[in-house]
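Have a look at the structure below before the remarks.
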Amino acid sequence: MNNQELLVSRNDISKFELSTSHIKPLQPGEILLQINKFGLTTNNVTYAVLGEEYHYFDFFPTKKKGMAKVNVWGISTIIKSNVTELPVGEKIFGYFPMSQYVLMKPFKITKSFFYEKRDKLPLDMIVYNQYVRISHDPYYDPRHVDYMLVFRPLWWTSFCLDDFLNEKRFFDAENVIISSASSKTAFGFALMLRRNNRRKKIIGITSGKNMDFVKSLNLYHVVVNYDHVSELEQKPSVYVDVAGDDNLGDTLQSTLGSNLKIRLLAGISHQTTEQRSTKGSEVFFAAPWIDHRRREIGREFVRRNVVSWRALMDNVHEWVDITKGYGSKSVIKAYKSLIDGESSPNQGFVLSMHEKDAEDMLSKL
Ligand SMILES: NC(=O)c1ccc[n+]([C@@H]2O[C@H](COP(=O)([O-])OP(=O)(O)OC[C@H]3O[C@@H](n4cnc5c(N)ncnc54)[C@H](OP(=O)(O)O)[C@@H]3O)[C@@H](O)[C@H]2O)c1
């Protein structure tokens, strides 16, 4: 069986190629998944930018020298199974390559999820090895599947940023400044600050072309163009950096001086492989914070996340439209628009390497 996939160059993510691999016959303990569709945002580009350093390229290795796969979050259907507990037809949400199919060897199977063994990866990446059976998934709602594909990987970070800062009493800041304010991760965080009534002034910084969109969200109290950050008010502030732009961070630092209480690096939407750096900031990863909070308050932490997730899903249609694309040409077009910074922030890509609606194809078999 042939499997078409998109590969990128390991050291220059703007270079990519289509490749066709051959799926081997299923061995005992294996399942074959058809990847029906997946979300694509700048976050996936960041996986590629950090591919070497943070092991994202090691999840789905390819034999093609110098090339790697970009990871995405998607929905798949089991189309062949040698695992009794995981029957053909079952739908799975999880971390996949940009491919048509993927072979897996599940272990630790429960009614809600299973794991894929990736022994060589660091322990804090375990979250990516968990595959959710959507029949028992509190985040799954058939009304919002496409929005789920776009927002689910970002939501934990939006949620945890708010929770982390609240636990730290916002480092005594009055203002919360957020860069790349048009990104879904950033405005999800602004939404959480609003929802939880944190009583902070939320200042979104963005590029000129995205100002109108950011204002239209009505989530930020103030929206500032990147060119005007040196005019920010002298108030104790925390800076949540989603852009990963060192010059911007330095300008904020020199503008606010001791009023800048902390610089948290939560994203690198403005960075390419060659420019990468994380100077002067504390890096924020959701995974260790989730671990810490789960140990502290147990399942209550997940319950809170699910409740706020449902609120996001009920409102998100007002802010973002889904752009669907089938087949490799559509996937390449969307990927290119993201790395070139040409996609519109009110757009959420839901794509498939199949030429037609893959779930529909299965239902007609
Ligand atoms: N720490 C974590 O655990 C974690 C988790 C989730 C996401 N993140 C990170 O958060 C960042 C945003 O991800 P997202 O998926 O939310 O983004 P998104 O919704 O696709 O955001 C797009 C925005 O990012 C900026 N941008 C994107 N590509 C650009 C380019 N090539 N040149 C200049 N600006 C560009 C633009 O915003 P502006 O014009 O407003 O700058 C654009 O509107 C990513 O770096 C992602 O990895 C981190």
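See the values below:
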read-out	value
Label-point separation, Arg194 to Lys235 (7 Å along Cα→Cβ), nm	1.7 nm
Region 155-290: C-alpha gyration tensor shape, a/c 1.5 cut-off, then a/b vs b/c	rounded
Amide proton proximity set for Gly280, modelled H, under 5 Å, gap of 5+	none
Gain upon complete extension [Val127, Lys279; 0.36 nm per residue less C-alpha separation]	52.1 nm
Charge tally in the Cβ shell below 15 Å around Lys209, where Lys, Arg are +1 and Asp, Glu are -1, Lys209 excluded	-3
Net lengthening on full extension, Lys111/His136 (0.36 nm per residue, minus Cα-Cα)	8.3 nm
Antiparallel bridge percentage (DSSP; both residues within region 100-239; nearest 5)	30 percent
Cut-off 15 Å (backbone N to label point 7 Å along Cα→Cβ of Asn259), residues of region 195-209	201-204
Antiparallel bridge percentage (DSSP; both residues within the chain; nearest 5)	60 percent
Stretchable slack from Asn218 to Asn247, in nm (0.36 nm times residue separation minus alpha-carbon distance)	7.7 nm
Spatial separation of Cα centroids for region 166-222 and region 1-57, in angstrom	33 Å
Count, lysine Cα pairs under 18 Å in region 295-365, 8 or more residues apart or across chains	6
Cβ-Cβ FRET estimate between Leu362 and Glu300, R0 fixed at 30 Å, reported to 0.05	0.20
Positive-end extreme of charge dipole, the chain - chosen from Asn196, Leu362, His228 (charges on Cβ)	Leu362
Gyration tensor (alpha-carbon) shape descriptor, region 258-365, a/c threshold 1.5	oblate
FRET E, pair Arg118, Lys333, Förster distance 35 Å, beta-carbon r, rounded to 0.05	0.70
Whether the chain is rounded, prolate or oblate, judged on the alpha carbon gyration tensor where a/c under 1.5 counts as rounded	prolate
Packing rank of 169-176, 113-120, where each peptide gets the mean count of other beta carbons within 10 Å, highest leading	169-176, 113-120
Computed magnitude of the charge dipole of the chain (debye, nearest 20; Cβ of K, R +1, Cβ of D, E -1)	840 debye
Per-residue HN-Hα couplings for region 14-21 [Karplus 6.51, -1.76, 1.60; θ = phi - 60°; Hz; x = Gly/Pro]	7, 9, 9, 8, 8, 9, 10, 9
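Values in this text are rule-based calculations from the coordinates and carry no lab data. Note that the coordinates shown come from a computational prediction; the quantities given were computed from them, not determined experimentally. When we count neighbours, we look across all protein chains shown, and the Cβ atoms used for this are built from the backbone with ideal geometry, even at glycine.
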